[in-house]
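Colleague: Mind having a look at this structure? Questions to follow.
The values are calculated or read from the model by the stated rules, or taken from the named source; none is laboratory data. Fair warning: this is a prediction, and the values are worked out from it, not measured in the lab. Cβ: placed from backbone, ideal geometry, glycine included. Neighbour counts: every protein chain shown.
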Amino acid sequence: MSAITGTKNYAGEFAGEVRLLTVRATLQSASDTITLTPAAHGGVTEIVDVVGAVITGGMDDDFQAVQVSFSGLVLTVVSTEGDGTAAEDFTGHLVTITLLIKTTA
């Protein structure tokens, strides 16, 4: 497992308490973590839900799927090969993760 950086790509507002946050990251292992911070990720104070995760680069037989879960402000991104086993090659593996979040503002 490695800790990677997720870069805020988009933060949009809805009426009410929640906002939409999109984070992009380059994966480095079969199980990576991304720790969100209010300063770097649109004022996030709570993750409400993961809307989705999309592979945006590097998809091949050795990298076919991602699953994202969260605890507090930490995302865990698990990547797998086409046969469902843990991914082993991480050349150019990029993901975009969309979240519903609560913020300080």
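Colleague: Looking only at region 78-105, how many residues end up being under 17 Å from Gly57 (Cβ atoms), over 9 Å from the mean Cα position of the chain (by Cα) and in a strand (DSSP E or B)?
Modeller: 3
Colleague: Okay, next question. Quick one: what pairs do we get from region 75-88, first residue without any contact (Cβ under 8 Å) to a residue 40 or more places away in the chain, second among the charged types (D, E, K, R), C-beta under 8 Å, 6+ apart or different chains?
Modeller: Glu81/Asp61; Glu81/Asp62; Glu81/Glu88; Gly82/Asp61; Gly82/Asp62
Colleague: Only one residue in Gly42, Gly12 is in contact with a strand residue (DSSP E or B) (Cβ under 6 Å, 6 or more places away or on another chain), exposed (fewer than 14 other Cβ atoms within 10 Å of the Cβ) and modelled with pLDDT under 95. Which one?
Modeller: One residue alone meets the criteria, Gly12.
Colleague: Quick test of your reading of the structure: Asp32 fulfils all but one of (1) of a type in the set (Asp, Glu); (2) surrounded by fewer than 19 Cβ atoms within 10 Å (Cβ to Cβ); (3) touching a residue at least 24 places away in the same chain (Cβ under 8 Å). Name the failing condition by number.
Modeller: Failed condition: (2).
Colleague: Please work out which one of (1) surrounded by 18 or more Cβ atoms within 10 Å (Cβ to Cβ); (2) at pLDDT 95 or above; (3) not polar (S, T, N, Q) is the condition Gly58 fails and give its number.
Modeller: Result: Gly58 passes all but (2).
Residue-wise test of (1) assigned to a strand (DSSP E or B); (2) acidic (Asp, Glu); (3) within 25 Å of Phe90 (Cα to Cα).
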| residue | (1), (2), (3) |
| --- | --- |
| Ile34 | yes, no, yes |
| His41 | no, no, yes |
| Val48 | yes, no, no |
| Ala53 | yes, no, yes |
| Thr56 | yes, no, yes |
| Val66 | yes, no, yes |
| Ser69 | yes, no, yes |
| Thr76 | yes, no, yes |
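Colleague: Here is a further query. I'd like to know if region 66-73 contains one or more residues that are among the hydroxyl-bearing types (Ser, Thr, Tyr) and modelled with pLDDT of 90 or more.
Modeller: Yes, the conditions are met somewhere in region 66-73.
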